[in-house]
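Everything on this sheet refers to the single structure shown next.
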Amino acid sequence: MSGLVALYGTEEPVEERRPYRLGPVSFELCGGAVRYLAVGGSEVVRRIAFLARDRDWGTLAPTLGPVEEKADGASLRLAIPMRFQNGAARLDTRLTLTLRPDGLDFEAEAVARGVFETNRAGFTILHPIAGQAGSPVTVVHGAGGTEEGTFPETIAPWQPFKDIAAITHHVGVLSCTCRLEGDVFEMEDQRQWGDASFKTYNRPLALPWPYRIDDGATIRQAVRVSWRERKPAQASVRPTRTVAACRFPETAILLTPEQARRALGRLDDIRAIGPQRLLCHVDASRGDLAGQFAAFADLQRAAPAYLYDIEMIADFGDDPAADPAGPLDAAAGAMRETGLRPASVMVCPSVDRQSTPPGSTWPACPPLDLIHAAARAAFAAPLMGGGMASFFPELNRKRPPVGRLDFVSHSLCPIVHDAGDRAVIETLEAVPHITRSARAIIGDRPYRIGPSTIAMRQNPYGARTIPNPEGRRVAMADDDPRHRARFGAAYALGLAAALAPAKIAVWTPAELYGPRGIVRDDGGWHPLTHVVAALAACASSPVAEATIDDGLARLVLGKRRFTANLTDAPLRGLEPYGWSGEGT
């Protein structure tokens, strides 16, 4: 096994990062994007990138040409050719970057060759969340006028700011302004999806998508960043994370009916991992409810030591006034006939697996309070839950009737927008923001984290997950090779450390089999499997420490100390993406 495959599960080279510096100003050029723009060592902008997205919101990977450089000591100029291909059409793009000691200009000219279909084509600007959530910003609107506001403290379900011509934020003694040209820009709170950033992007979501760029049409846009010293404002007091009275959650493993049937002949696969719970995925839209429930009932009879939780995807048709009791009574009847005895049932309407973006029409669905009242009456399980089988944005935008629920759940995925190695690790920075915002919605209700793997099991933002037959780093892919490598093990331990202070009741770090599975097809284990088994053994242990800092994740559970290296270089005695678990 090569070094790359051991680390990442793929021979695809790591992304090239080319550093640049001009006096106190530094940044990296990566894939044609400016990353980590810093002044005097303080990060002012996380990324500026010209992107193109397909109709499923998949990010089209550009083909890059050679970068032309000119520097004279007082300025730096880069010319970056790139090409986006979508079917038979392409978008030929030339980026020009000019860096000065007091600012950076990033300009784009893109010409369509053929009719280019896209959901978005243009610049995005990422503002870091560290030190910014809850901090003041000034927005100049394209239609005129200035708005004084703040970056949201808890995660905003909708756009915090619209019609942005310029936005000014503050980093230490610096006041930083981003001026935007060539389109209408607005901002979304990317923490919803796990990104460690607030994103300003072109073309409002209220406009139709996908849209077409005609053959020969030219897009011209620019981002102009400037900074100056200011009198520093008094630092705001931010809540610190505490692990007081926290215990590590129980571990669940997801199974589909097909995986449950497979596990019947391989019960040692489950016993060796030692989860407390098995999350049984039942999808009414697939039909054959009796067969789906029977697969789990057979497994429960063969392996009764675990708690069996049902994740029920319920299909209510297209009549929003329909009584949800009928479909749920039928599902519960089919379950009882198989003899399956669930410890809990979490019901999610099938239509809510798809996101409803700002400006879109909500799909037909009975009200959630009626759905959960009918579910409780139909299933009569010890615990009844709600929330989303997808991710936090869907929960944040369609909030559950918490008073009717015994627990609330949602999942996580770190490759919604960016599948780069560092971007995946950076999503751990956003997890505390997600859990704190979820707690603001659900209060003290038990809080479960559903299936949360690097790869995406279902795409709420398009008609499909993105195929990845070559095993590359692909956003929104349903198969990510890093899941099966050391990277996947380090990420899982980092995720455990990020979740531990939030008083999570249950977490679900993997499926049993398949591309997001914890057991290899030949019965062997991935590096991730060892981490999950070790953490499962610590369920209900008191959390004495849970931190992510300087590239290390640290987690102390009772007398067991875990450490993971979240970097691609040796660190504190750990190999790249290595981990250790000391104690008993």
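The values are calculated or read from the model by the stated rules, or taken from the named source; none is laboratory data. Note that this is a predicted model, so its numbers are computed, not measured. Counting neighbours? That spans all protein chains shown, and the Cβs are built from the backbone with ideal geometry, glycine included.
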- prompt: Does Ala364 count as modelled with pLDDT of 95 or more and on the phi < 0 side of the Ramachandran plot?
  reply: no
message: For the structure I just gave you, tell me whether Ala389 is surrounded by 24 or more Cβ atoms within 10 Å (Cβ to Cβ), within 13 Å of Cys348 (Cβ to Cβ) and at pLDDT 95 or above.
response: yes
message: Suppose we keep only residues that are surrounded by fewer than 23 Cβ atoms within 10 Å (Cβ to Cβ) and among the aromatic types (Phe, Trp, Tyr) within segment 502-530. Which one would you say is nearest to Thr256 (Cα to Cα)?
response: Tyr513
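Go through Ala108, Ala79 for me and flag whichever is at pLDDT 95 or above, buried (at least 17 other Cβ atoms within 10 Å of the Cβ) and among the aliphatic types (A, V, I, L, M).
Details: Ala79 fails: buried (at least 17 other Cβ atoms within 10 Å of the Cβ).
Checking each option against the conditions leaves just Ala108.
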field: Whichever residue in segment 23-49 is charged (D, E, K, R) and surrounded by fewer than 20 Cβ atoms within 10 Å (Cβ to Cβ) and, among such residues, is farthest from Gly420 (Cα to Cα)
entry: Glu43
- request: Restrict the check to segment 425-436 and report whether at least one residue is modelled with pLDDT of 95 or more and farther than 23 Å from Leu552 by Cα.
  value: no
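Which of the residues that make up segment 215-242 are part of a loop (DSSP other than H, G, I, E, B), over 24 Å from Ala110 (Cα atoms) and either modelled with pLDDT under 50 or hydrophobic (A, V, I, L, M, F, W, C) (or both)?
If we filter segment 215-242 for residues that are part of a loop (DSSP other than H, G, I, E, B), which is where we start, we get 215-217, 230-242.
Subsequent filtering for residues that are over 24 Å from Ala110 (Cα atoms) retains 230-242.
Across segment 215-242, the qualifying residues are Ala233, Gln234, Ala235, Ser236, Val237, Arg238, Pro239, Thr240.
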message: Taking the conditions exactly as written (more than 25 Å from Pro509 (Cβ to Cβ), out of contact with any Lys or Arg (no Cβ under 7 Å at 6 or more places or on another chain) and crowded, with 22+ Cβ neighbours inside 10 Å), does Leu328 satisfy them or not?
response: yes
- prompt: Pick from segment 89-100 the residues that are touching a residue at least 24 places away in the same chain (Cβ under 8 Å) and either under 26 Å from Ser26 (Cα atoms) or not assigned by TED's automatic domain parsing to the domain that holds Ala110 (or both): which of them is surrounded by the fewest Cβ atoms within 10 Å (Cβ to Cβ)?
  reply: Arg100
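Of everything in segment 72-88 that's free of Cβ contacts under 8 Å to residues at least 40 places away in the same chain and among the aliphatic types (A, V, I, L, M), which residue is farthest from Asp418 (Cα to Cα)? Walk me through how you get there before you give the answer.
So the first thing to find is which residues in segment 72-88 are free of Cβ contacts under 8 Å to residues at least 40 places away in the same chain, and the list is 72-74, 77, 79, 81, 83-88.
Filter again for among the aliphatic types (A, V, I, L, M), leaving 74, 79, 88.
Numbers: Ala74: 33, Ala79: 23, Ala88: 24 Å.
Only one residue fits best here, namely Ala74.
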field: Failed condition for Arg55, given (1) in contact (Cβ under 8 Å) with a residue 12 or more places away in the chain; (2) more than 29 Å from Arg486 (Cβ to Cβ); (3) part of a strand (DSSP E or B)
entry: (3)
- request: Residues being farther than 26 Å from Ser452 by Cβ, assigned to a loop (DSSP other than H, G, I, E, B) and modelled with pLDDT under 95: count how many of those fall in segment 149-197.
  value: 2
query: Of all residues in segment 303-319 being surrounded by fewer than 13 Cβ atoms within 10 Å (Cβ to Cβ) and in contact (Cβ under 8 Å) with a residue 24 or more places away in the chain, which is nearest to the chain's Cα centre (by Cα)?
result: Asp318
message: Give all pairs with beta carbons closer than 7 Å in which a residue from segment 155-168 that is charged (D, E, K, R) meets a residue that is in a loop (DSSP other than H, G, I, E, B); count only pairs at least 6 apart in sequence or on separate chains.
response: Lys162/Pro204; Asp163/Gly142; Asp163/Ala143; Asp163/Val184
message: When the residues of segment 186-202 are narrowed to those that are touching a residue at least 40 places away in the same chain (Cβ under 8 Å) and among the hydrophobic types (A, V, I, L, M, F, W, C), which ends up nearest to Asp163 (Cα to Cα)?
response: Phe198
message: So in segment 203-214, with the set limited to residues that are touching a strand residue (DSSP E or B) at 6+ places or on another chain (Cβ under 6 Å) and over 15 Å from Val184 (Cα atoms), which one is surrounded by the most Cβ atoms within 10 Å (Cβ to Cβ)?
response: Ile213
task: Go over the candidates Ala564, Ala497, Ala553, Ala533 one by one and state the one that is among the aliphatic types (A, V, I, L, M) and surrounded by fewer than 22 Cβ atoms within 10 Å (Cβ to Cβ).
output: Ala533
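Considering only segment 141-170, state which residues are of a type in the set (Val, Ile, Thr), farther than 21 Å from Ala49 by Cα and buried (at least 17 other Cβ atoms within 10 Å of the Cβ). Spell out how you get there, then give the answer.
Taking segment 141-170 and keeping what is of a type in the set (Val, Ile, Thr), we get 146, 150, 154-155, 164, 167-168.
Pick out the ones that are also farther than 21 Å from Ala49 by Cα and you get 146, 150, 154-155.
Within segment 141-170, Thr154, Ile155 qualify.
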query: If Leu428 passes every condition in (1) touching a strand residue (DSSP E or B) at 6+ places or on another chain (Cβ under 7 Å); (2) closer than 27 Å to Pro257 by Cα but one, which one does it miss?
result: (2)
- request: Report, by residue number, each residue of segment 19-51 that is within 23 Å of the chain's Cα centre (by Cα), in a strand (DSSP E or B) and small (Gly, Ala, Ser).
  value: Ala33, Ala49
field: Flag if Ala295 is touching a Pro at 6+ places or on another chain (Cβ under 6 Å), of a type outside the set (S, T, N, Q), assigned by TED's automatic domain parsing to the domain that holds Leu368 and crowded, with 21+ Cβ neighbours inside 10 Å
entry: yes
message: Among the residues in segment 423-432, are any part of a loop (DSSP other than H, G, I, E, B) and in the same structural domain as His483 (by TED's automatic domain parsing)?
response: no
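On the basis of being of a type outside the set (Lys, Arg), more than 30 Å from Ala463 (Cα to Cα), assigned by TED's automatic domain parsing to the domain that holds Gly23 and not in a strand (DSSP E or B), does Ala130 make the cut? Outline the logic, then answer.
Numbers: of a type outside the set (Lys, Arg): yes; more than 30 Å from Ala463 (Cα to Cα): yes; assigned by TED's automatic domain parsing to the domain that holds Gly23: yes; not in a strand (DSSP E or B): yes.
Considered against the rule, which asks whether it is of a type outside the set (Lys, Arg), more than 30 Å from Ala463 (Cα to Cα), assigned by TED's automatic domain parsing to the domain that holds Gly23 and not in a strand (DSSP E or B), Ala130 comes out as yes.
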query: Does any residue of segment 481-492 turn out to be buried (at least 22 other Cβ atoms within 10 Å of the Cβ), touching a helix residue (DSSP H, G or I) at 6+ places or on another chain (Cβ under 6 Å) and farther than 16 Å from Thr10 by Cβ?
result: yes
